[in-house]
Amino acid sequence: MEEMHQIAIAKDPAGGRQLNSQISILSAIELIWNLCEILFIEVAPAGSLLLHLLDWIRLHVCEADSLLADVLGSENPSKHESFWNLVTILVLQGRLDEARQMLSKEADANPASAGMCRLLGDLMRTMPILSPGNTQTLTELELKWQHWHEECERHLQDGTFIANPQLECLCKIMLGDEAALLEQKELLSNWYHFLVTRLLYSNPTVKPIDLHYYAQSSLDLFMGGESGPEPLNNILMAAFEFDIHQVIKECSIALSNWWFVAHLTDLLDHCRLLQSHNLYFGSNMREFLLLEYASGLFAHHSMWQLAVDYFDSCPELGRVSLELHIERIPLNTEQKALKVLRICEQRQMTEQVRSICKILAMKAVRNNRLGSALSWSIRAKDAAFATLVSDRFLMDYCDRGCFSDLDLIDNLGPAMMLSDRLTFLGKYREFHRVYGEKRFADAASLLLSLMTSQIAPRSFWMTLLTDALPLLEQKQVIFSAEQTYELMRCLEDLTSERPVRGEPDAQLFQDDDIETTKVEMLRLALARNLARAIIREGSLEGS
Amino acid sequence: MEEIYAKFVSQKISKTRWRPVPSGSLQTAETFATGSWDNEENYVSLWSIGDFGNLDSDGGFEGDHQLLCDIRHHGDVMDLQFFDQERIVAASSTGSVTVFLHHPNNQTLSVNQQWTAAHYHTGPGSPSYSSAPCTGIVCSNPEIVTVGEDGRINFFRADHKEALRTIDNADSSTLHAVTFLRTPEILTVNSIGQLKIWDFRQQGNEPSQILSLTGDRVPLHCVDRHPNQQHVVATGGQDGMLSIWDVRQGTMPVSLLKAHEAEMWEVHFHPSNPDHLFTCSEDGSLWHWDASTDVPEKSSLFHQGGRTSTFLSHSISNQANVHQSLISSWLSTDPAKDRIEITSLLPNKTLSVNSLDVLGPCLVCGTDAEAIYVTRQLFS
């Protein structure tokens with residue numbers, strides 16, 4: 001905050017104004033927060049309540065310290081122009097020891113008023129206050145205070161301080177004289193300071209429940225009836241009335257985002273101060289506010305990671321809200337996607353993982369990054385998508401006659417098991433490899449198993465059979481009779497299924513022509529192979 | 001206990017890199033660069049940990065790192081490398097690669113050179129141009145090698161407008177990181193768990209070697225080569241597993257060490273103390289792996305050089321005990337024995353630690369919790 005102060009002063013007016021407004025909002029927030037702590041959480045009883053309030057004022061009205069440093073630093077403190085202002089402020093804030101020190105300086109400098117200064121100093125010293133370790137009861141304190149008050153009054157009546165108007169003024173303040181206090185409006189600067197000073201010097205053992213009477217009257221007296229409904233005043237008044245819900249309501253209206261309210265409510269809820277105020281939307285107020293805040297964070301481009309923790313701490317609706325929000329984060333790089341997926345996986349949100357991976361895999365397929373698409377479908381354990389990717393590969397093969405991305409297909413590893421189509425792809429590639437290494441027997445049995453195990457898609461059978469052609473035409477017999485029968489059966493299955501095409505389309509005729517030629521060639525090759533196989537198996541060396 | 005200084009900088013940090021100190025000088029690292037991500041405006045910034053503060057009682061330096069200068073960067077900073085003392089190369093999620101120049105006299109950064117369409121899915125000529133993020137950079141003056149989500153490898157040279165060489169479709173999946181192996185070779189890791197070695201003396205577009213695990217194809221995210229022994233490579237995977245590979249032998253890793261609970265983003269061998277390895281991960285932790293053995297006569301830095309180690313590898317069987325520290329302790333690691341000591345360096349786990357860098361006794365790392373941590377006493 002101090003840095004912001006400095007920047008605000010140093011920078012140009014426009015930037016400075018914005019920073020100033022931010023500073024004022026931050027100080028107001030701190031003010032409200034501290035007051036809530038004192039009234040709601042610490043629940044200070046009468047007596048110590050005033051001490052806490054004094055601390056609160058001293059913390060938030062801080063011109064006194066800088067002025068003190070200023071005056072003490074000067075050569076002749078008591079001749080400093082703000083000397084009396086300083087002493088008055090010290091008295092207003094109840095810092096009587098320091099005020100006494102100032103007075104003693106004045107006494108040294110000005111022997112004529114030394115006597116009066118000493119007298120006033122004595123009065124200051126003897127003011128009874130409740131110190132934390134003290135064991136006096138409240139009634140004792142009250143009696144002592146009453147006694148002291150009468151003594152001050154007596155001094156004033158006797159005209160002890162007539163000669164020095166400032167000292168007389170101070171005495172009146174210490175008596176809690178409202179008129180005298182109101183004269184110091186400038187130094188008090190706001191009504192809650194007025195309230196606390198007034199309480200200090202007229203009713204130090206004030207009880208919490210009486211607080212709001214004093215607050216209301218202080219506000220009226222200080223503002224002189226011209227107070228508009230300022231948000232800060234409303235909030236503080238609600239706090240003095242111990243109306244937590246009103247405080248939260250006023251803060252929500254006054255502040256532009258949910259940060260402060262969400263955290264304050266959370267704190268109060270943890271202290272069990274909020275009865276479950278059932279709103280028509282979902283659960284209690286704390287959760288509602290936290291959900292609102294977290295949703296706001298999700299809308300921010302980089303703070304969505306923080307919002308996740310907030311959702312986690314909402315027991316009823318947090319998970320559902322998180323599920324809805326996390327799918328909608330824009331993902332422009334894979335790294336961000338990985339972080340989002342990690343969040344989902346840690347919370348077992350498998351549906352979201354699947355849907356995000358599907359989106360990424362689709363994007364990858366569109367960009368022709370089949371390897372990425374496959375790795376996303378493996379992550380999501382999405383068999384359907386893996387099938388899609390493999391179909392894409394197979395289509396590429398049919399179009400081009402060779403495989404693209406061999407590095408991927410060759411090294412599929414156990415991921416092959418994810419989907420049937422993928423397994424087929426891997427095995428088919430293996431067939432090509434084995435064939436390339438001229439291990440024809442192995443290639444043959446692999447090819448056969450591909451066809452008989454039903455993992456090959458129907459559309460691909462023709463290609464497989466065509467692949468079998470060179471094996472059938474080899475000099476040596478590779479397929480045994482059994483295997484040849486199998487192949488023939490597959491061919492029959494394939495051809496018997498094909499519906500008769502009636503359209504007189506030229507292209508179709510040509511295709512059919514090619515098809516029938518292929519089928520004929522296959523039938524011929526199969527028959528020849530069968531013949532040779534039977535002969536070989538029937539003869540003596542056949543084993 | 002090392003002292004770590006943390007500073008919150010209001011931007012999520014994706015990369016941190018020390019500025020290299022001039023070789024032969026006794027200076028320690030003083031300046032580092034960071035890149036941010038996921039903001040509407042991302043920045044590449046330079047920070048200094050120089051002697052701003054006073055010497056405290058143990059002679060250490062007080063004070064956090066201070067911002068020297070920064071410059072806007074389009075897109076997320078996906079990778080950052082120092083090209084030389086003044087130039088920084090940054091890879092962007094928009095597919096461009098930019099070289100920034102630091103002017104020390106007025107402490108500013110400016111754009112020196114930029115290759116805007118280094119990585120793309122469909123090229124700049126076609127109507128449906130779509131760019132791809134550039135994911136990794138490695139530099140060795142005057143060359144810059146970049147890889148990206150489009151599976152492309154680019155070879156650039158500083159001050160040349162066009163790429164020297166491009167290998168299109170080098171990989172069907174995303175290339176995550178790249179490093180130099182021996183001089184004409186680079187090694188890339190991809191998202192189907194493969195390491196590929198490319199030799200750019202060869203004209204073809206095929207890798208000269210492919211290594212991978214036989215088990216699940218876990219994507220690999222980061223790679224680093226041992227500073228002295230160029231065949232030893234460490235990789236980090238999506239499941240947080242650290243693997244050490246020997247590229248001369250076989251296609252399998254030498255050791256697999258279960259490490260983090262989530263993706264490992266970066267792995268670094270310490271450049272002058274290669275028995276120490278550092279890894280950082282999405283689970284918010286940063287680990288220091290210490291494989292130095294407790295040999296009474298610890299050999300000096302000089303003996304860990306490349307020349308003597310090859311000579312001794314032949315006689316390893318005779319003199320195994322005495323010269324153990326000369327052979328890479330990473331390759332001979334048997335995880336069952338208590339030889340690797342692992343310490344976690346960050347005080348508490350927060351969001352992901354995205355990046356780290358080590359130089360001498362200094363370590364810097366950046367997290368998603370918008371904080372930068374620096375320690376100057378790694379080995380105390």
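The values are calculated or read from the model by the stated rules, or taken from the named source; none is laboratory data. In this text the structure is predicted, and so the values were computed from the model without any measurement. Positions of Cβ are backbone-derived with ideal geometry, glycine not excepted, and every protein chain shown enters the neighbour counts. For accessibility, only protein heavy atoms count, side chains too; no ligands or nucleic acids. Shrake-Rupley method; radii C 1.70, N 1.55, O 1.52, S 1.80 Å.
Before moving on, here are some points about what is shown:
- Per-residue SASA remark: residue B:10, around 90 Å² accessible (1.4 Å probe; ligands, DNA and RNA not included).
- Binning all Cα-Cα separations of chain A at 20 Å, short to long from zero, yields these whole-percent fractions: 15, 28, 18, 14, 13, 9, 3, 0.
- Between residue A:463 and residue B:180, the simple spin-label model (points 7 angstrom out along Cα→Cβ) gives 4.4 nm.
- Relative contact order of segment A:356-433, pairs being alpha-carbon contacts under 8 Å that are 6 or more residues apart, as %: 26 percent
- Counted by Cβ distance under 13 Å from residue A:406, the other residues give a net charge of -3, where Lys and Arg count +1 and Asp and Glu count -1.
- Our Cα-only numbers for segment A:62-189 put the radius of gyration and Dmax at 15.0, 46 Å.
- Neighbourhood charge, 10 Å Cβ-Cβ cut-off, centred on residue A:287 and excluding it, Lys, Arg +1 and Asp, Glu -1: -3
- 0 to 90° range, to nearest 10: angle between helix A:334-346 axis and chain A longest Cα axis: 80 degrees
- Against chain A, whose longest principal axis comes from its Cα atoms, helix A:461-472 is set at around 50 degrees.
- Shielding value for B:130-137 is 2, the average number of Cβ atoms from other chains within 10 Å of each residue's Cβ.
- The mean number of partner chain beta-carbon atoms within 10 angstrom of a residue's beta-carbon across peptide B:186-192 is 4.
- Each part reduced to its alpha carbon centroid, segment B:241-268 and segment B:114-162 end up 27 Å apart.
- Computed with a 1.4 Å probe over protein heavy atoms only, the accessible area of residue A:488 comes to about 60 Å².
- Contour excess over end-to-end distance, with Cα ends at residue A:249 and residue A:417 and 0.36 nm allotted per residue: 54.7 nm
- Peptide A:363-374, shielding by other chains (average Cβ, 10 Å cutoff): 6
- Per-pair calculated FRET efficiency, R0 = 35 Å: residue A:140 and residue A:292 via Cβ, rounded to 0.05: 0.10
- Extension gain (nm, one decimal) between residue A:148 and residue A:319, 0.36 nm per residue minus Cα-Cα: 55.3 nm
- Each Lys and Arg contributes +1 and each Asp and Glu -1, all at the Cβ; summed about the Cα centre of the protein assembly as shown, the dipole is approximately 3040 debye.
- Distance from segment B:189-223 to segment A:183-226 (C-alpha centre basis), Å: 76 Å
- C-alpha long axis of helix A:211-223 to longest principal axis of chain A, angle in °: 80 degrees
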